[in-house]
1. With the checklist (1) touching a helix residue (DSSP H, G or I) at 6+ places or on another chain (Cβ under 8 Å); (2) open to solvent by 10 Å² or more (accessible area, probe 1.4 Å) in hand, flag the one item ARG37 doesn't pass.
2. Look through ALA519, ALA497, ALA489, ALA482 and report the one residue that is in contact (Cβ under 8 Å) with a residue 24 or more places away in the chain, within 20 Å of PRO388 (Cβ to Cβ) and surrounded by 24 or more Cβ atoms within 10 Å (Cβ to Cβ).
3. Tell me which residues, restricted to segment 620-641, are within 15 Å of PRO700 (Cβ to Cβ) and open to solvent by 20 Å² or more (accessible area, probe 1.4 Å).
4. Failed condition for ALA446, given (1) modelled with pLDDT of 90 or more; (2) surrounded by fewer than 16 Cβ atoms within 10 Å (Cβ to Cβ); (3) among the small types (Gly, Ala, Ser), with all others met?
5. Considering only residues that are among the aliphatic types (A, V, I, L, M) and assigned to a helix (DSSP H, G or I), which ones fall in segment 483-502?
6. Would you confirm whether or not segment 657-674 contains a residue that is touching an Asp or Glu at 6+ places or on another chain (Cβ under 9 Å), among the acidic types (Asp, Glu) and outside any helix (DSSP H, G or I)?
Amino acid sequence: MSKVYDSFNFPSVTVEAAGTMGLTADEYARACEILGRTPNYIELGCVSAMWSEHCSYKSSRIHLKKLPTTGKDVVYGPGENAGVVRIDGDMCACFKVESHNHPSFIDPFHGAATGVGGILRDVFTMGARPVAAMNSLRFGTTTYSRTPALLKGVVEGIAHYGNCFGVPTVGGEIAFHPSYAMNPLVNAFVFGLVKEDKIFTAKASGLGNPVIYIGAKTGRDGIHGATMASEEFNEGSEKKRPKTQIGDPFKEKLLFEACLELMGTDVLVGIQDMGAAGLTSSSFEMAGRAGSGVVMHLDRVPMREEGMNPYEIMLSESQERMLLVAKKGREEEIIKTVHKWDLDAAVIGSVTDDGYVRLFWNGEEVATVPAAPLADGAPLYDRPHKRPVWLDDVANFDQSTIPVPDLEGAFLRLLSDPTIAGKRWVWEQYDHMVQLGTVSLPGSDAALVRLPEGTKGVAMSSDCNGRYCYLNPREGAKHAVAESARNVAASGARPVALTNCLNFGNPEKPDIMYQLVEAIEGIGEASRALNAPVVSGNVSLYNETEGKAIFPTPIIVMVGVMDDVSKRLESFFKKEGNRILFLGELPDKIDASHYLEVIHGKVAGAVPSVKLNFQKNLFAVIKEGAAAGVIESAHDLAEGGLAVAIFEMGTKNKMGADVKLPAAGRADAMLFGETPAMLLEVAPASAEAVKKLCAEYSVPCLDIGATGGKDVKIACGTLPALNVGIEKALALYEKVIPEMVK
């Protein structure tokens with residue numbers, strides 16, 4: 001409905017109207033029960049937004065409670081705008097990852113840009129200064145005609161917002177698969193720093209305290225965006241552009257500075273970003289957390305469009321806005337500060353103690369809804385979940401039926417696959433050096449940012465193999481946690497905590513719900529084993545178009561601490577003549593591998609087992625080896641296996657390697673099979689010390705060759721398997737993405 005009644009004497013709203021807002025008949029009945037009457041149109045809009053999947057997590061919350069969320073260094077876990085952990089005395093890391101998938105398909109540039117803007121606000125709302133950003137992206141293959149435009153638009157949107165705001169985009173990852181063709185994933189992560197005694201929370205407390213709106217004016221963009229993100233796409237989804245928000249990073253920078261200035265005083269009681277569901281979510285959540293209520297006069301809200309009504313104002317998702325609760329009597333001080341930063345500010349209401357959000361329009365009360373039931377009382381669904389029978393078919397795989405191809409041809413084809421190919425074109429769009437804290441450049445296994453004082457740094461890495469999660473959601477999710485932690489460890493840092501973004505299809509389908517439940521179980525198992533609690537996160541469901549779901553993709557961003565950034569490790573060969581050590585078990589299968597999918601067209605087989613105790617020991621070896629200065633570089637094995645990992649280590653300095661593997665099993669399995677292992681480069685004089693360290697932690701260690709030369713040479717026993725010039729391979733590897741977007 002484009003227009004709310006001119007008179008706010010609302011008639012009853014029907015269950016059919018509720019259905020158009022995404023509410024079921026049972027949910028509508030529950031809303032009536034909570035209110036003790038039939039809701040009016042404004043109230044129904046607020047209920048539908050707060051009880052949307054995007055805001056309420058009604059299909060996932062009962063399972064998310066199984067995750068470990070506490071630890072000795074956890075200051076705030078899930079429930080606040082972002083998670084907070086101690087990393088150095090009273091210095092804390094504040095971070096979160098969040099999705100902006102549906103808007104980015106409809107409008108790639110603005111969808112991705114506002115995704116960055118939203119997660120920036122989540123972090124600086126806590127009082128933290130954003131110091132690093134990352135992203136995890138998924139697109140369809142080039143067989144889908146829109147893939148190049150989606151990739152280009154999303155990257156430009158991320159670059160525009162991050163670069164203009166002044167936060168370095170220090171890393172991330174991108175993968176391509178047909179399942180993401182009409183459901184690209186845009187997951188944005190931001191990391192900030194804050195002193196523990198300077199953290200702010202989102203509560204509306206203190207009877208009579210003023211409720212103050214600050215930031216940009218409210219428009220009609222983004223109305224019912226949270227509801228749109230809680231439904232499947234169909235043929236008409238691309239016409240939903242009016243629901244996509246338009247961001248202004250320069251305005252956000254002003255808002256950030258204004259908030260920090262206010263936070264430097266004692267005027268604030270609570271603060272919340274107006275993100276999904278806009279003024280509705282911020283007001284109901286702040287009141288709900290505090291057990292209070294609020295009165296708001298919507299005609300006082302700064303508006304940029306004429307004729308806006310209360311329904312539109314409450315559900316707008318216009319960007320760069322905050323809701324504050326301040327100390328009574330300090331209103332003018334706040335407004336003066338905000339105006340100095342060329343932003344709007346208005347006292348729009350006050351805190352009450354009756355537990356209700358009461359909305360007024362020109363003096364008339366137009367909506368009255370209890371806060372807590374909307375903020376925390378959404379219906380929780382234990383949806384049916386069952387292992388789908390089709391998993392038996394894809395798991396039943398015999399690699400002996402797959403012929404061993406020309407290995408050099410397969411290697412070059414893997415390097416030209418966009419998931420493996422070089423991403424330089426992408427990260428060169430981002431300013432990754434602003435603020436001058438970036439230590440490791442994009443392209444390394446993990447990003448590394450130094451703290452403002454002292455020697456410590458913070459490492460971060462995002463990962464998820466959707467193919468693994470498709471074949472075995474629990475084991476695949478364990479791999480995502482372990483790989484993200486392994487990449488952090490590869491920098492020499494100690495993994496400490498994680499945030500996740502759970503991207504899945506329609507949870508009303510038992511096979512999709514099975515994937516979600518199993519993935520959450522896997523994340524919980526891995527994070528407990530690795531002592532890395534889950535401190536924040538996001539769930540993005542209904543990533544389907546016309547009944548076709550994405551690969552289940554639980555993105556994990558692991559954060560770790562490094563005591564001395566001068567001892568950091570990079571992922572690239574440093575010197576000719578150094579030894580290459582393989583830590584772990586050499587692969588002997590091609591099951592579930594990227595090689596099997598790209599070269600042989602099959603997604604099948606058993607996902608390699610990830611032994612979490614071994615991973616912990618592996619991390620300890622690298623951390624101690626880095627601190628002792630006996631490791632030169634380290635690199636994780638991922639898509640493409642050992643051969644691709646060896647090549648990737650040589651890309652920065654165009655350095656080859658001479659590798660000799662045992663003559664056991666299939667050559668393509670040893671070259672391209674996947675296993676949760678690590679490659680180390682060590683000086684010859686340090687090799688024995690590293691081997692001794694591995695023995696102490698029961699980590700298998702095999703000396704497989706030496707760095708140097710201009711060729712990637714790999715032999716299996718006495719038989720040469722691969723001999724490819726590094727520059728020839730590098731030229732192929734680097735041109736794939738630029739040619740795609742060209």
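The values are calculated or read from the model by the stated rules, or taken from the named source; none is laboratory data. Source: prediction; values computed, not measured. Glycine also receives a Cβ, built like all others from the backbone with ideal geometry; neighbour counts cover every protein chain displayed. Protein only, heavy atoms only, side chains kept; ligands, DNA and RNA dropped before computing areas. Shrake-Rupley method; radii C 1.70, N 1.55, O 1.52, S 1.80 Å.
1. All conditions pass for ARG37, except number (1).
2. Details: ALA497 fails: within 20 Å of PRO388 (Cβ to Cβ); ALA489 fails: within 20 Å of PRO388 (Cβ to Cβ); ALA482 fails: within 20 Å of PRO388 (Cβ to Cβ).
Sole residue among the options that is in contact (Cβ under 8 Å) with a residue 24 or more places away in the chain, within 20 Å of PRO388 (Cβ to Cβ) and surrounded by 24 or more Cβ atoms within 10 Å (Cβ to Cβ): ALA519.
3. ALA620 - this is the single residue of segment 620-641 that is within 15 Å of PRO700 (Cβ to Cβ) and open to solvent by 20 Å² or more (accessible area, probe 1.4 Å).
4. Failed condition: (2).
5. Our first condition is that a residue be among the aliphatic types (A, V, I, L, M); within segment 483-502, this holds for 485, 488-490, 493, 496-498, 502.
If the condition is that a residue be among the aliphatic types (A, V, I, L, M) and assigned to a helix (DSSP H, G or I), then ALA485, VAL488, ALA489, ALA490 are the ones that fit.
6. Looking through segment 657-674, at least one residue is touching an Asp or Glu at 6+ places or on another chain (Cβ under 9 Å), among the acidic types (Asp, Glu) and outside any helix (DSSP H, G or I).
Yes/no per residue for (1) more than 24 Å from GLU483 (Cα to Cα); (2) part of a helix (DSSP H, G or I); (3) charged (D, E, K, R); (4) over 35 Å from the mean Cα position of the chain (by Cα):
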{"site": "ALA643", "(1), (2), (3), (4)": "no, yes, no, no"}
{"site": "LEU680", "(1), (2), (3), (4)": "no, no, no, no"}
{"site": "CYS694", "(1), (2), (3), (4)": "no, yes, no, no"}
{"site": "ILE704", "(1), (2), (3), (4)": "no, no, no, yes"}
{"site": "GLU727", "(1), (2), (3), (4)": "yes, yes, yes, no"}
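For every residue, the table says whether it meets (1) in a loop (DSSP other than H, G, I, E, B); (2) at pLDDT 95 or above; (3) open to solvent by 10 Å² or more (accessible area, probe 1.4 Å); (4) in contact with a Pro (Cβ under 9 Å, 6 or more places away or on another chain).
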{"position": "LEU207", "(1), (2), (3), (4)": "yes, yes, yes, no"}
{"position": "ARG220", "(1), (2), (3), (4)": "yes, no, yes, yes"}
{"position": "ILE246", "(1), (2), (3), (4)": "yes, no, yes, no"}
{"position": "CYS259", "(1), (2), (3), (4)": "no, yes, no, no"}
{"position": "VAL269", "(1), (2), (3), (4)": "no, yes, yes, no"}
